[in-house]
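Below you'll find the structure, written out as structure tokens, and then a few comments.
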There are 2 protein chains.
Amino acid sequence: MSQSPEHQGAGPSSSEETPADARTRLITAAIEAFAAKGFHGTTTRDIAAAAGMSPAAVYVHHRSKEELLYLISRRGHESTLRLVREAAASRDDPAERLVAVVRTFVAHHARGHTSARIVNYELSALSPEHQRDIADLRRSTHDEMHRLVQAGVDAGVFDTPAPRMTTLALLSLQIDLARWYRDEGEWTPDEIADHYCELALRMVGAR
Amino acid sequence: MSQSPEHQGAGPSSSEETPADARTRLITAAIEAFAAKGFHGTTTRDIAAAAGMSPAAVYVHHRSKEELLYLISRRGHESTLRLVREAAASRDDPAERLVAVVRTFVAHHARGHTSARIVNYELSALSPEHQRDIADLRRSTHDEMHRLVQAGVDAGVFDTPAPRMTTLALLSLQIDLARWYRDEGEWTPDEIADHYCELALRMVGAR
């Protein structure tokens with residue numbers, strides 16, 4: 001949360017807060033709680049307290065803790081997919097397109113590492129149906145990456161004997177970043193993005 | 001478990017089973033249970049049932065579910081560190097040494113992906129003291145990798161502007177493999193190891 005409810009003076013019964021605002025406030029509180037204590041270690045009561053609401057009020061907006069996790073996860077995966085697609089569409093040259101996508105993905109994952117970590121590592125806590133939804137989104141992101149690697153190979157500007165395995169390796173770099181990245185670390189998201197673009201070009205064998 | 005207790009005919013009171021055997025059997029059962037249901041979704045009763053023991057018998061051998069997770073995690077990290085050190089010591093040439101280490105690490109992580117996944121993704125369920133122990137082992141593995149990348153740069157046979165970040169990227173490839181690898185997938189551990197050795201040489205800029 002950027003501000004605590006006390007500072008805002010906005011409790012659950014505030015006349016200025018819309019239901020959409022309340023849902024956003026709950027999601028922000030849930031991200032913090034899941035990041036601090038893990039999904040299984042977090043109670044609905046913890047989330048309610050962090051959002052300045054009563055536990056009963058949480059259920060007005062969200063059916064369960066699992067639904068909050070699903071919303072966080074879907075939102076995270078949708079925004080990654082959208083950014084990857086926008087970056088891929090912004091360039092025609094395969095190498096420039098790869099750099100645009102890796103730069104966007106890395107900077108996004110570094111800046112949003114708290115929710116990215118939840119989104120990547122608490123998937124098993126989702127219901128089977130929600131896991132399938134998220135798997136579809138992940139597959140779409142994978143397919144975008146694979147298409148751009150393959151396009152470079154087809155155009156003769158990338159040289160890799162296994163484009164699909166190289167795609168998985170590129171995704172590993174970007175996904176695992178959320179595990180090791182620290183805000184207080186020595187590199188900024190942009191510095192990491194610069195280096196990872198260079199690594200990605202080497203991995204695909206860009207000429 | 002390679003064989004169920006029924007097939008072995010070895011229950012908790014078997015006169016042929018030593019306490020060490022029983023502990024190993026419990027650890028194997030715990031790996032399966034944690035992999036299937038997650039650490040938080042697994043009860044001591046689940047582990048006991050999978051090992052063909054009574055819940056009370058579990059406590060004879062291990063103080064808690066957390067202790068079992070710690071033993072699995074310590075064993076996994078120790079074996080990775082040992083394999084990395086052995087591989088690094090087996091060659092003098094920096095590029096050959098990198099290939100030996102990556103090949104060993106990748107094949108080990110692919111073959112042991114079930115426990116590798118638990119070892120990597122349930123760290124937050126460990127006690128603070130146990131987390132520190134594991135963090136020390138992870139740091140030692142990181143330092144081995146960093147030393148071999150830096151040695152290649154110092155010898156003028158690797159060319160990377162950021163050896164430490166490149167080291168983290170190499171570790172990401174190897175760690176994240178445990179997340180995506182499937183036994184029924186299209187590549188064998190050795191095929192992945194071959195390709196990842198090539199990727200690693202490109203990433204460090206081997207001449």
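Read-outs: derived from the displayed coordinates by stated rules, not from any lab. Predicted model, so just to flag it, every value in this text is computed and none were measured. Glycine gets a Cβ as well: all are built from the backbone with ideal geometry, and neighbour counts include every protein chain shown.
Some points to look at:
- Estimated distance in nm for a label pair at B:S124 and A:D93, the labels positioned 7 Å out from Cα along Cα-to-Cβ: 4.1
- Counted charge near A:T24, where neighbours are those whose Cβ lies closer than 11 Å (Asp, Glu -1; Lys, Arg +1): +1
- Among residues of chain B, the one whose beta-carbon sits closest to the B-to-A rotation axis is listed with its distance in Å as B:H40, 2.
- For the peptide A:197-205, the mean number of other protein chain Cβ atoms found within 10 angstrom of a residue's Cβ is 5.
- Angle in degrees between helix B:94-111 and the longest Cα principal axis of chain B, rounded to the nearest 10: 30
- Counting only alpha carbon atoms, the long axis of helix A:163-180 and the longest principal axis of chain A meet at about 40°.
- Here the scattering of the protein assembly as shown is modelled by Debye summation over its C-alpha atoms, one equal scatterer each and no solvent; at q = 0.06, 0.09, 0.10 Å⁻¹ the log10 of I(q)/I(0) is -0.28, -0.63, -0.77.
- The same position A:D133 in the other copies lies at 4.0 nm from this copy, comparing label points 7 Å beyond Cα toward the beta-carbon, shortest first.
- Globularity ratio of chain B, using Cα Rg and 2.2 N^0.38 Å: 1.17
- Sorted from nearest, the other copies put their B:H40 label points 0.7 nm away, the label point being 7 Å from Cα in the direction of Cβ.
- ³J(HN,Hα) computed for each position of region A:137-147 - Karplus, 6.51 cos²θ - 1.76 cosθ + 1.60, integer Hz, glycine/proline x: 5, 5, 5, 5, 5, 4, 5, 4, 5, 5, 4
- Note on region B:20-58 and region A:166-187: Cα centroid distance 33 Å, given to the nearest whole angstrom.
- C-alpha center-to-center spacing [region B:127-161, region A:90-143] in angstrom: 27
- Backbone N within region A:54-80 under 17 Å of label point (7 Å from A:R45 Cα along the Cβ vector): A:54-59, A:65
- Choice from B:S73, B:S90, B:S115 with maximal GNM fluctuation in chain B (Cα, 10 Å cutoff): B:S90
- Computing FRET efficiency as 1/(1 + (r/R0)^6) for A:E16 and A:Y59, where r is the C-beta to C-beta distance and R0 is 35 Å, gives about 0.95.
- Relative to the other identical copies, B:D92 shows label-point distances of 5.4 nm, where the label point lies 7 Å from Cα along the Cβ direction and values run shortest first.
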